[in-house]
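The structure appears right after this line, and notes come after that.
The values are calculated or read from the model by the stated rules, or taken from the named source; none is laboratory data. Because the structure is predicted, anything quoted here is derived from the model rather than measured. Note: ideal-geometry Cβ built from the backbone for every residue, glycine included; neighbour counts use all protein chains shown. What goes into the accessible areas is simple: the full protein's heavy atoms, side chains included, and nothing from ligands, DNA or RNA. Shrake-Rupley method; radii C 1.70, N 1.55, O 1.52, S 1.80 Å.
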Amino acid sequence: MIKPLADRVLVEPKEAETKTAAGLYIPDTAKEKPQQGTILAVGSGKKDEPMEVKEGDVVLYGKYAGTEITVDGKNYLIMKQSDILAVL
């Protein structure tokens, strides 16, 4: 598994919605990038900035936050703790 360094976290994004509340299917071209995910791994933090999130937390992050990576066919994001907006 991937171990983030310093103040970075590894996030598994939530799947994009495929249906609207009314039951209509959303085509792939109209799907929005998810802004919610689950933290899978946490770095050790910085000396002056301890980590406030932990593995298993469900978080909200900015639309363009982090760097997308693919490992074994699964998509993940690596982002700084400061890119996380809230813990749910």
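Pairing each residue of region 10-23 that is surrounded by 12 or more Cβ atoms within 10 Å (Cβ to Cβ) with any residue that is among the aromatic types (Phe, Trp, Tyr), provided the two are 6+ apart or on different chains, yields C-beta distances under 6 Å for Leu10/Tyr76; Glu12/Tyr76.
With respect to the conditions (1) assigned to a helix (DSSP H, G or I); (2) closer than 21 Å to Lys80 by Cα, Glu52 lacks only one, and its number is (1).
Are any of the residues in region 44-63 modelled with pLDDT of 90 or more, polar (S, T, N, Q) and open to solvent by less than 50 Å² (accessible area, probe 1.4 Å)? The answer is no; no qualifying residue exists.
Residues in region 63-88 that are farther than 17 Å from Glu52 by Cα and of a type in the set (Gly, Ala, Ser): Ala65, Gly66, Gly73. Looking only at region 70-88, residues that are under 11 Å from the mean Cα position of the chain (by Cα) and open to solvent by less than 50 Å² (accessible area, probe 1.4 Å) come to 6 in all.
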